[in-house]
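This report refers to the structure that appears directly beneath it.
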Amino acid sequence: DGSSAFIKLMPLEKTIHITVRGEKAGDDLIKILNTIQSLNTSLALTDVESFVPCTHCLLLEEDATPFMFPMSAFDVALQEKKEYVMCEGEVPVKLRALLPKSQTTGKDDNSQ
């Protein structure tokens, strides 16, 4: 029914890698990201940024290091009503392949 989240802390890189799998993975990932953003705001952390790996890169090679889209790139694309973002400026990748449906449509998955 739900999803599973896998969180890996990389102290030397000062990063947290979050992978969410399952039927409600998209919604659960957004909840996790919103919680992290809320913590960042309440702690006045300004040098924190979230990234999403490129699905195109992940499909190319199993052990490839994918291009990482900053979440701000999605905000810009959605404001400009674009359906895609550019992987390393060369390959268009559809937003729906990178973001949960509720993020690309502005509606919850449960809305009609």
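Summary of computed values
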read-out: Length gained when the stretch Lys81-Leu9 is fully extended (0.36 nm per residue, less Cα-Cα span); value: 22.5 nm
read-out: Spacing of the two label points (7 Å from each Cα toward its C-beta) at Ala44 and Arg96, in nm; value: 4.4
read-out: The chain: most fluctuating residue of Asp47, Asp27, Asp63 per GNM, C-alpha cutoff 10 Å; value: Asp47
read-out: The chain - percent of accessible surface contributed by carbon and sulfur, probe 1.4 Å; value: 52
read-out: 1.4 Å probe accessible area per residue over the chain, in Å²; value: 78
read-out: Theoretical ellipticity at 222 nm over the chain - DSSP helices of four or more residues, -39500 (n - 2.57) apiece, nearest 500; value: -10000 deg cm²/dmol
read-out: Partner lysines for Lys94 [C-alpha distance under 26 Å; skip if fewer than 8 residues away on the same chain]; value: Lys24, Lys31, Lys81, Lys82, Lys107
read-out: Top of Leu60, Leu98, Leu12 by mean-square fluctuation, Gaussian network on the chain, Cα under 10 Å; value: Leu12
read-out: The chain, relative contact order in percent, only Cα pairs under 8 angstrom and at least six apart counted; value: 16
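The values are calculated or read from the model by the stated rules, or taken from the named source; none is laboratory data. Keep in mind it's a predicted model, so treat the numbers as computed, not measured. Ideal geometry is used to build each Cβ from the backbone, glycine not excepted, and the neighbour counts take in all protein chains shown. Ligands, DNA and RNA are stripped out before the accessible areas are found, and what is left, the full protein with its side chains, is counted by its heavy atoms. Shrake-Rupley method; radii C 1.70, N 1.55, O 1.52, S 1.80 Å.
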